[in-house]
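S.K.: Encoded as structure tokens, here's the structure I'll be asking about.
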Amino acid sequence: MKTINKLFILSISLLSVFASCKKEKKEPVFDDKDLAPLSIEFDNIVGGKNLILNSETYTNAAGEDYKISLLEYYISNIKVRKADGTEYVVPQDNSYFLIKEGDEDHEEALVNVPEGDYTSLAFTVGIDSLRSTMDVSKRTGVLDPASPENDGLYWGWNSGYIFFKMEGTSSAAPVDGSGQHIFRYHIGGFGGYSSPTINNIKTITLDLTERGPALVRKDKKSNIHLMVDIDKVLSGATTVSIAANPSVMFSDYSVNIANNYATMFRHDHTENE
Amino acid sequence: MKIKSIIIFTLCVSMLIVAACHKDAPEKVEIPFQGFETPSNFPAPAYHFETNEITKAGFELGRKLFYDPILSRNNTISCGSCHIQSAGFTHHGHDISHGIDDRLGKRNAPAIMNLAWSKSFMADGGIFDLDLQPIAPITTFEEMDETMQHVIEKLQQHKDYPALFQNAFGSSTITSANFLKALSQFMLMCISSNSKYDSIMRNEGPAFTAAEQEGYSIYKQKCSQCHTEPLFSDNSFRNNGIGIGYNGDVGRYAVTLDEADKYKFKVPSLRNLQYTSPYMHDGRFYTLDAVLDQYVNHVTAMPTLDSLLQQNNVYGIPLTMDEKTKILAFLNTLNDKHFVTNPILAEQ
């Protein structure tokens with residue numbers, strides 16, 4: 001009898017704890033007219049180390065040493081999803097970001113989404129074909145070839161954006177005209193306008209459940225912190241040798257590098273403060 | 001009396017001076033701005049006028065930009081440097097063009113002509129929108145070697161341009177979109193539709209001579225499948241059998257990465273050939289005789305050679321001397337003097 005009583009009291013108190021917990025964490029009603037900020041941080045690393053431009057030396061799977069002097073890539077078309085399947089697509093005009101290593105103003109994508117608990121994040125690495133072929137007046141901000149933010153990530157001769165650009169030095173790279181051992185990877189290709197060609201647009205979907213969903217509230221700051229392992233660019237499904245391919249731009253081989261870098265994103269944690 | 005005559009004399013002299021001054025600076029004959037008009041013997045244009053309506057102010061701004069070397073890194077090269085109106089907006093006499101610091105490009109400058117009907121630009125068609133076209137020459141190392149960002153900065157700081165953009169687009173803040181649209185407005189107005197051929201097609205009076213008429217018939221039979229009327233190009237990309245150039249230019253392949261597109265180039269128009277020598281994407285032929293001789297005698301067998309140039313196991317296009325002469329007579333009717341001398345397209 002006593003035990004039962006004790007259990008009863010315990011259950012009641014536990015229930016009230018749950019209830020209060022639930023009350024505290026109650027998810028707001030989804031309203032796509034009423035938005036709150038969400039940031040997605042792209043933290044570039046190489047293997048287990050932080051990426052440091054110019055000074056740090058890394059080694060790829062082919063056994064070649066390399067230093068990175070420039071790293072830039074486009075992130076676009078951001079989508080978030082809740083556990084119940086409710087999805088929010090950030091309006092396209094506000095969904096283009098350039099991530100630039102070493103530039104504080106370009107290390108995150110800042111968007112607005114309805115309040116809610118999001119367990120999945122999706123984005124594109126590169127620029128979708130629709131925007132790649134839109135009227136020139138729709139190319140603003142990081143998409144404006146005349147904007148300092150764009151930083152030359154555009155091919156004039158073969159209309160299209162460079163999605164991913166990595167340059168650096170390696171003793172494995174042959175000496176170029178300037179007398180330096182430079183490698184250059186400029187990857188793009190949206191599939192072609194009138195004739196089909198390479199399509200290096202990559203869509204990345206990351207599950208946030210395990211490492212912490214994004215709890216987006218108006219009075220809080222939610223930051224999805226991603227680790228971007230640049231080591232994967234040269235050391236993925238394809239082992240890219242700098243000696244064999246010191247310069248890859250608009251060519252069939254670029255598909256291998258794009259497939260490699262599509263695997264470089266992982267969710268590390270989410271800051272909900 | 002004396003004073004009076006002095007006064008009269010002075011008055012007369014000053015009147016004369018005023019009159020003379022007036023005469024010295026004659027009023028420019030104002031040509032009314034017609035806007036874009038599709039010639040009655042042309043098809044509907046391909047350009048998206050709905051996002052860039054041509055206005056007098058926009059066209060004139062585009063013309064000023066076209067002829068302004070401010071678009072190049074050291075302000076020495078304008079669009080008009082390599083696209084010369086008297087040469088049908090090509091670089092007459094140059095196989096490949098020289099740009100900034102006399103650097104040489106790899107292709108012959110294409111004509112700025114009837115671009116409103118073009119669905120792609122450049123010899124390899126790498127550019128799909130006329131509005132995006134100027135970015136290529138501006139940023140190419142061998143051409144203007146400039147950045148878009150710097151061009152916009154220079155224009156914004158210029159004493160005239162902000163006001164001209166205000167007039168044309170309602171804002172003195174210069175954007176790359178408005179800059180490119182102004183250039184498009186000028187280029188779209190570079191319409192060649194007043195050759196003898198056009199007059200005949202529009203029943204405006206002139207008639208073909210017997211030789212021209214026969215040449216027209218031969219053209220229809222042997223050339224028109226690629227050089228389609230009335231623009232004299234079907235806008236397709238073909239390997240016309242001239243063989244790989246010295247620089248190994250792969251043409252359309254660079255854009256599509258499709259083996260089937262290797263060494264294919266855009267079919268150029270046959271209009272204004274009198275003004276646009278040399279010919280082919282790399283300007284390798286200086287005369288039309290050499291071009292015809294190429295098609296008759298020197299078409300090179302290659303995997304991507306156009307099927308029209310290898311029929312019944314014969315490479316090339318068989319033509320007799322007489323047929324060649326008649327074709328040349330017909331081609332001569334495609335020269336448009338009005339286009340190459342039209343004052344509204346000239347540098348002001």
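S.K.: Could you rank the peptides B:51-60, B:154-163 by their average count of other C-beta atoms within 10 Å per residue, with the highest value first?
M.R.: Working: B:51-60: 18.4, B:154-163: 14.1.
Top of the packing list down: B:51-60, B:154-163.
S.K.: Along its principal axes, what span do the Cα atoms of the stretch A:135-273 show, with the longest given first and each in whole Å?
M.R.: 54, 40, 30
S.K.: Then there's this: Which number do you get for Rg(Cα) / (2.2 N^0.38 Å) in chain B? Could the numbers behind the result be given before it?
M.R.: Numbers: Rg = 24.2 Å, N = 348, 2.2 N^0.38 = 20.3 Å.
For chain B, the normalised Cα radius of gyration comes out at 1.19.
S.K.: From the protein chains alone at 1.4 Å, what is the descending order of accessible area for A:128, A:105, largest first? Could the numbers behind the result be given before it?
M.R.: Working: A:128 25, A:105 130 Å².
Accessible-area ranking of A:128, A:105, largest first: A:105, A:128.
S.K.: For a distance above 34 Å, tell me the whole-number percent of Cα pairs in the protein assembly as shown that qualify.
M.R.: Working: 107547 of 192510 pairs.
In whole percent, the share of Cα-Cα pairs in the protein assembly as shown beyond 34 Å is 56.
S.K.: Scan around residue A:202 for amide H atoms under 5 Å from its own, H built in the peptide plane at 1.01 Å from N, and keep only partners 5 or more places away or cross-chain.
M.R.: Correct list: A:125.
S.K.: Please give the calculated 222 nm ellipticity per residue for chain B, where each DSSP H segment of at least 4 residues contributes -39500 (n - 2.57) and the sum is spread over every residue; nearest 500 deg cm²/dmol? Before the final figure, lay out each step's value.
M.R.: On the way: 13 runs with 125 residues, N = 348.
About -10500 deg cm²/dmol.
S.K.: What accessible area, summed over both chains, is buried at the B-A interface (1.4 Å probe, Å², nearest 100)?
M.R.: Numbers: alone 17810 and 14040 Å², together 29910 Å².
Result for this pair: about 1900 Å² buried.
S.K.: Please compute the net charge surrounding residue A:61, taking Lys and Arg as +1 and Asp and Glu as -1 over other residues with Cβ under 14 Å from its Cβ. Show your work: numbers first, answer last.
M.R.: Details: positive: A:232; negative: A:64, A:65, A:229, A:231.
Once all neighbours under 14 Å are counted, the net charge is -3.
S.K.: Could you please state, rounded to a whole Å, how far the C-alpha centre of the stretch B:102-135 is from the C-alpha centre of the stretch A:78-132?
M.R.: Each part reduced to its Cα centre gives a spacing of 35 Å.
S.K.: Could you work out, residue by residue across B:174-183, how many beta carbons of other chains sit within 10 Å of that residue's beta carbon, and then give the average as an integer?
M.R.: Values: counts 1, 7, 9, 8, 2, 2, 5, 3, 0, 0.
Mean inter-chain Cβ contacts per residue within 10 Å come to 4.
S.K.: Okay, next question. I need to check one value: relative contact order of the stretch B:49-191, counting alpha carbon pairs closer than 8 Å and at least 6 residues apart, in percent.
M.R.: Once normalised by length, the contact order is 31 percent.
S.K.: Taking beta carbons within 10 Å but only from partner chains, what does the mean come to for residues B:133-140?
M.R.: Numbers: counts 2, 1, 8, 5, 2, 3, 6, 2.
The mean count of partner-chain Cβ atoms within 10 Å per residue comes to 4.
S.K.: Hey, how many Å between the Cα centroid of the stretch B:37-97 and the Cα centroid of the stretch B:255-323?
M.R.: 27
S.K.: I'd like the accessible area for residue B:187: 1.4 Å probe, protein heavy atoms, all chains in place, Å² to the nearest 10.
M.R.: The value for residue B:187 is about 10 Å².
S.K.: Okay, moving on. Using Cα pairs closer than 8 Å and at least 6 residues apart in sequence, work out the relative contact order for chain A, in percent. Write out the running numbers ahead of the final one.
M.R.: Values: 583 pairs, mean separation 60.9, N = 273.
About 22 percent, as a whole number.
S.K.: From the protein chains alone at 1.4 Å, what is the descending order of accessible area for B:171, B:307, largest first? Don't skip to the answer; put the middle values down first.
M.R.: Details: B:171 40, B:307 80 Å².
Largest accessible area first, the residues go B:307, B:171.
S.K.: Could you pull out every residue, at least 5 positions away or on a different chain, whose amide H is within less than 5 Å of the one on residue A:36? Hs are placed 1.01 Å off N in the peptide plane, and Pro or chain starts have none.
M.R.: A:113, A:115
S.K.: Starting from the Cα-Cα distance between residue B:338 and residue B:258, subtract it from 0.36 nm times their residue separation and give me the gain in nm to one decimal. Can you show the working numbers first?
M.R.: Working: separation 80, 0.36 × 80 = 28.80 nm, distance 4.06 nm.
The span from residue B:338 to residue B:258 would gain 24.7 nm if fully extended.
S.K.: Rounded to the nearest 10 Å², what accessible area does residue B:228 show when all protein chains are kept and the probe is 1.4 Å?
M.R.: 50
S.K.: Counting partner chain Cβ atoms within 10 Å of every residue's Cβ in A:137-149, what's the average? Don't jump to the answer; show the numbers that get you there.
M.R.: Numbers: counts 9, 2, 6, 3, 0, 0, 0, 6, 10, 15, 5, 4, 1.
Mean number of neighbouring Cβ atoms from other chains: 5.
S.K.: Let me ask you something else. How much area per residue is accessible in the stretch B:49-191 when the probe is 1.4 Å and only protein heavy atoms are counted (Å²)? It would help to have the intermediate numbers written out before the result.
M.R.: Working: 5200 Å² over 143 residues.
The answer is 36 Å² per residue.
S.K.: Hey, another quick one. Rounded to the nearest 500, what is the 222 nm mean residue ellipticity of chain A from helices alone, with -39500 (n - 2.57) per DSSP H run of 4+ residues and division by all residues? Walk me through the numbers on the way to the answer.
M.R.: Values: 4 runs with 39 residues, N = 273.
When only DSSP H runs of four or more count, the value is -4000 deg cm²/dmol.
S.K.: To continue, here is another question. Let me know the shape class of the stretch B:196-338, please: from the alpha-carbon gyration tensor, a ≥ b ≥ c as square roots of the eigenvalues, rounded when a/c is under 1.5, otherwise prolate if a/b is greater than b/c, or oblate.
M.R.: Cα axes put the stretch B:196-338 in the prolate bin.
S.K.: Heavy atoms only, 1.4 Å probe, whole protein assembly: order A:42, B:285 by accessible area, highest first. Walk me through the numbers before you get to the answer.
M.R.: On the way: A:42 5, B:285 35 Å².
Highest to lowest solvent-accessible surface, that is B:285, A:42.
S.K.: How would the stretch A:49-184 be classified by its alpha-carbon gyration tensor: rounded, prolate or oblate, with rounded meaning a/c under 1.5 and the a/b versus b/c comparison settling the rest? Don't jump to the answer; show the numbers that get you there.
M.R.: On the way: a/c = 2.60, a/b = 1.55, b/c = 1.68.
The shape class here is oblate.
S.K.: Also, quick follow-up: For the pair residue A:247/residue B:347, report the inter-label distance in nm, with labels modelled 7 Å from Cα in the Cβ direction.
M.R.: 3.4
S.K.: Specify whether the C-alpha gyration tensor of the stretch B:96-199 places it in the rounded, prolate or oblate class, a ≥ b ≥ c being the square roots of the eigenvalues: rounded for a/c under 1.5, otherwise prolate if a/b is larger than b/c and oblate if not. Present the calculation step by step, with values, prior to reporting the outcome.
M.R.: Working: a/c = 2.10, a/b = 1.22, b/c = 1.73.
Here the stretch B:96-199 falls in the oblate category.
S.K.: With just the Cα atoms defining each centre, how far is the stretch A:174-210 from the stretch B:215-247? Give it in Å.
M.R.: Comparing the Cα centres of the stretch A:174-210 and the stretch B:215-247, I get a distance of 36 Å.
S.K.: Could you state how much accessible area residue A:70 has, in square angstrom rounded to the nearest 10, with a 1.4 Å probe and all protein chains kept in place?
M.R.: Taking all protein chains as shown, residue A:70 has close to 50 Å².
The values are calculated or read from the model by the stated rules, or taken from the named source; none is laboratory data. All values derive from a computational prediction rather than experimental measurement. As a convention, Cβ positions derive from the backbone with ideal geometry for all residues, glycine included, and neighbour counts pool all protein chains shown. Accessible surface areas use protein heavy atoms only, side chains included; no ligands, DNA or RNA. Shrake-Rupley method; radii C 1.70, N 1.55, O 1.52, S 1.80 Å.
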